[in-house]
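**Q** The following block contains the structure, expressed as structure tokens.
Readers should treat all values here as calculations from the given coordinates under stated rules, not as data from a laboratory. None of the values given here were measured: they were computed from a predicted structure. For neighbour counting, all protein chains shown are included, and Cβ atoms are generated from backbone atoms with ideal geometry for every residue, glycine included.
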Protein chains: 2
Amino acid sequence: MSSVIAIDIGGTNFRVGLFSGDGTCRFIREEPTSQEGGREWMLERLVEQCAALRARAGSPVTACGISFGGPVNHARQLATSVHSPGWNAFPLAQWVRDNLQLRCEVENDANAGAIGEFRFGAGRGCQSIVYITLSTGVGSGVILDGKVLRGKDGMAGEFGHLPLSDSGIICSCGARGCLETLCSGTAIARVGRERACRVPEKAKRLMELSGGEAGKISAKSVLQAAAEGDPMATEILQETTQWLARGLLTLIRILNPDKIILGGGVALAGSVLLRPLSAHLQRLGSPIIGYSTQIVVAELGVNSALYGAAAIGLAMTQDEGQ
Amino acid sequence: MSSVIAIDIGGTNFRVGLFSGDGTCRFIREEPTSQEGGREWMLERLVEQCAALRARAGSPVTACGISFGGPVNHARQLATSVHSPGWNAFPLAQWVRDNLQLRCEVENDANAGAIGEFRFGAGRGCQSIVYITLSTGVGSGVILDGKVLRGKDGMAGEFGHLPLSDSGIICSCGARGCLETLCSGTAIARVGRERACRVPEKAKRLMELSGGEAGKISAKSVLQAAAEGDPMATEILQETTQWLARGLLTLIRILNPDKIILGGGVALAGSVLLRPLSAHLQRLGSPIIGYSTQIVVAELGVNSALYGAAAIGLAMTQDEGQ
């Protein structure tokens with residue numbers, strides 16, 4: 001049976017995987033990404049890793065799906081990164097075809113995560129899902145009737161940039177009060193640091209978890225302190241999940257999908273986030289306009305996008321077979 | 001050539017139309033709806049009107065599409081009204097088949113409006129549109145890739161119930177701060193009356209247009225006063241269009257459709273609404289996340305839903321022909 005290669009290029013880590021033609025995952029490898037190395041470093045690693053995967057495959061590798069952690073022009077297959085040098089509308093799929101002699105398709109990581117969960121994870125058997133990645137930033141991918149929703153300008157599914165608040169801070173996109181500024185990992189960490197500086201007597205546990213430096217309070221330390229029952233951390237999550245609930249209810253009102261699947265580091269914290277989120281959803285909702293959209297955590301954990309890249313590779317193989 | 005009958009049952013007026021098989025509108029008739037007459041009255045009128053249309057047609061009438069101004073369970077073809085007696089999960093399409101010997105399909109008025117504008121109006125040639133009706137309430141219909149988006153529970157496209165504000169009033173749906181409570185015709189009229197009572201010295205023109213009674217200030221009088229340049233009315237529209245802009249930008253962030261088409265009595269006021277709306281959209285948007293979604297007024301005016309009913313009837317005829 002032939003195989004496909006899956007690649008997930010992220011700002012912190014990158015992952016490669018080998019999948020059988022029937023979708024079975026045979027191998028996954030994760031490595032840290034060199035930010036300063038930029039594109040050149042990453043492409044060298046891809047050459048090495050793909051050679052190793054091909055040697056391991058023992059059968060022909062027919063296609064390569066790539067999840068890229070940055071804006072992707074899907075129609076033209078161009079990858080851009082604002083964090084890592086050398087990725088400026090780079091024709092990544094073409095490069096793979098030319099240099100690795102593999103058919104290739106590139107997708108941004110939020111869409112790839114949606115595809116991965118839809119095919120292999122919490123979205124199996126659904127018609128329509130929204131996958132949300134709650135991480136440093138907030139991204140999302142929408143799948144309706146089994147197809148990625150792209151929109152007129154390829155700008156559909158910009159959940160992180162829902163305009164929720166008039167009084168919020170300015171977002172990296174230049175607008176004020178985007179959802180991302182209110183409930184991303186970055187936002188949770190920022191509120192944690194502000195609160196610890198303002199009310200230090202209540203921030204003892206948060207400070208301990210951050211090596212005694214308020215400036216080092218991270219989303220992870222807030223989530224851990226809240227899981228232990230720390231009042232200040234619990235209050236911070238109460239506030240951030242209120243905004244998240246408003247965003248999710250907005251998605252439900254517009255799309256009413258089968259499931260909303262929460263992925264990314266913040267979501268993987270699980271019930272410490274889901275419990276207040278669910279209470280806010282209950283409070284914000286209507287007693288009349290019911291819905292059965294389920295809100296669940298991603299089943300594939302950190303590998304949603306890698307599995308999505310595999311699904312993209314597998315779909316290319318099937319297209320070829322027809 | 002065969003013909004189809006189109007029916008638009010609204011709370012204030014109802015309309016019937018006769019359309020040729022090629023989509024040409026041959027005849028439209030509008031009458032006031034008797035609210036106290038309820039279902040019985042309406043069904044009697046339908047029998048009479050359909051007989052008259054058939055006599056007029058001069059060729060076989062093959063199908064009937066109906067737009068209904070209330071919740072429709074599309075899968076089961078049941079119509080419900082909270083305003084008019086006798087409509088409680090009523091099997092309207094079945095009734096038409098049994099009593100008028102016509103194939104029939106029923107759609108709620110927001111979806112029918114979307115279908116009408118998509119096929120015959122401002123959405124011609126588009127892949128995806130959102131049609132919004134700004135009237136007593138606020139409804140919407142979403143068409144993606146030519147298909148009405150229904151959602152898991154038939155609850156997609158509930159634009160009027162986007163949860164925009166924590167401090168707004170309670171909506172008819174029981175939730176607080178829904179878009180409908182902030183920018184429907186009812187909301188514009190309510191703010192007009194409140195403002196006129198609070199600052200009567202600035203409400204002279206609004207009072208004149210309402211026969212001297214603050215309690216009779218309507219959305220129509222606010223829109224007219226604003227069109228004349230009245231400062232208080234202009235301020236009211238500034239506020240309501242700010243909420244509407246937030247809702248529209250939310251739709252664009254999630255769906256990025258080709259067009260958003262504004263229909264209903266409030267939207268038909270035109271530039272007095274569109275000008276401040278467009279300024280708010282500009283202010284709320286991002287300099288980085290561009291979009292080319294156009295925001296336009298419905299081309300079919302009060303007849304969007306009737307044309308949608310015709311399109312539904314025509315589609316049934318084509319299905320039969322295949």
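**Q** Measuring from a point 7 Å out along Cα→Cβ, what nm distances, shortest first, does B:Gln294 have to its partners in the other copies?
**A** 4.3
**Q** Counting only other residues whose beta carbon sits under 14 Å from that of B:Arg190, what net charge do I get with K and R as +1, D and E as -1?
**A** Around B:Arg190, the surrounding residues sum to +2.
**Q** What are the nm distances, shortest first, from B:Gly86 to its equivalents in the other copies, labels at 7 Å along Cα→Cβ?
**A** List, nearest first: 7.5 nm.
**Q** On a C-alpha basis, how far is the centre of segment A:278-293 from the centre of segment B:244-322 in Å? Whole number, if you could?
**A** Going from one Cα centre to the other spans 27 Å.
**Q** Return the equivalent ellipsoid semi-axes of segment A:174-248 as a descending list in whole Å, where each equals the square root of 5 times an eigenvalue of the C-alpha gyration tensor.
**A** 21, 13, 10
**Q** Which FRET efficiency value, to the nearest 0.05, is calculated for A:Leu274 and B:Asn88 with the Förster distance at 41 angstrom and r the Cβ-Cβ distance?
**A** Efficiency, rounded to the nearest 0.05: 0.65.
**Q** A follow-up question, please. Can you sort A:Lys259, A:Lys220, B:Lys204 by how many other beta carbons sit within 10 Å, fewest first?
**A** Final ranking by Cβ density, sparse to dense: B:Lys204, A:Lys220, A:Lys259.
**Q** Then there is this: Could you tell me the center-to-center distance, by alpha carbons, between segment A:28-71 and segment A:209-235 in angstrom?
**A** 35 Å
**Q** What FRET efficiency do you get for B:Ala51 and A:Trp41 if R0 is 51 Å and r is their Cβ-Cβ distance, rounded to the nearest 0.05?
**A** FRET efficiency, B:Ala51 to A:Trp41: 0.05.
**Q** Using a basic spin-label model with each label point 7 Å from the Cα along Cα→Cβ, how many nm lie between B:Ala227 and A:Gln238?
**A** Between B:Ala227 and A:Gln238, the label points sit 5.0 nm apart.
**Q** Can I ask one more? Hey, if you drop one equal point scatterer on each alpha-carbon of segment A:122-298 and run the Debye formula without solvent, what base-10 log of I(q)/I(0) do you get at q = 0.10, 0.13, 0.14 Å⁻¹?
**A** Computed log10 I(q)/I(0) values: -0.39, -0.65, -0.75.
**Q** Moving to a separate point now. For n ≥ 4 DSSP H runs only, could you compute -39500 (n - 2.57) per run for chain B, divide by its residues and tell me the 222 nm figure to the nearest 500?
**A** -13000 deg cm²/dmol
**Q** Could you please state, rounded to a whole Å, how far the C-alpha centre of segment A:161-193 is from the C-alpha centre of segment A:74-152?
**A** Each part reduced to its Cα centre gives a spacing of 24 Å.
**Q** Once you place label points 7 Å from the Cα toward the Cβ at A:Thr12 and B:Ser165, how far apart are they in nm?
**A** 3.9 nm
**Q** Let me know the whole percent of all Cα-Cα pairs from chain A that are separated by more than 39 Å.
**A** For chain A, the share of Cα pairs beyond 39 Å comes to 15 percent.
**Q** From the mean inverse distance of alpha carbon pairs (Kirkwood) and the Cα radius of gyration, derive Rg over Rh for the protein assembly as shown.
**A** 1.02
**Q** Between their Cα atoms, which of A:Lys152/A:Lys259; A:Lys147/B:Lys259; A:Lys216/A:Lys259; B:Lys204/B:Lys259 are more than 28 Å away from each other?
**A** Correct reply: A:Lys216/A:Lys259; B:Lys204/B:Lys259.
**Q** Checking understanding here: applying a Kyte-Doolittle mean of at least 0.5 and a length along the axis of at least 27 Å (C-alpha), which whole DSSP H helices in chain B pass?
**A** B:231-255
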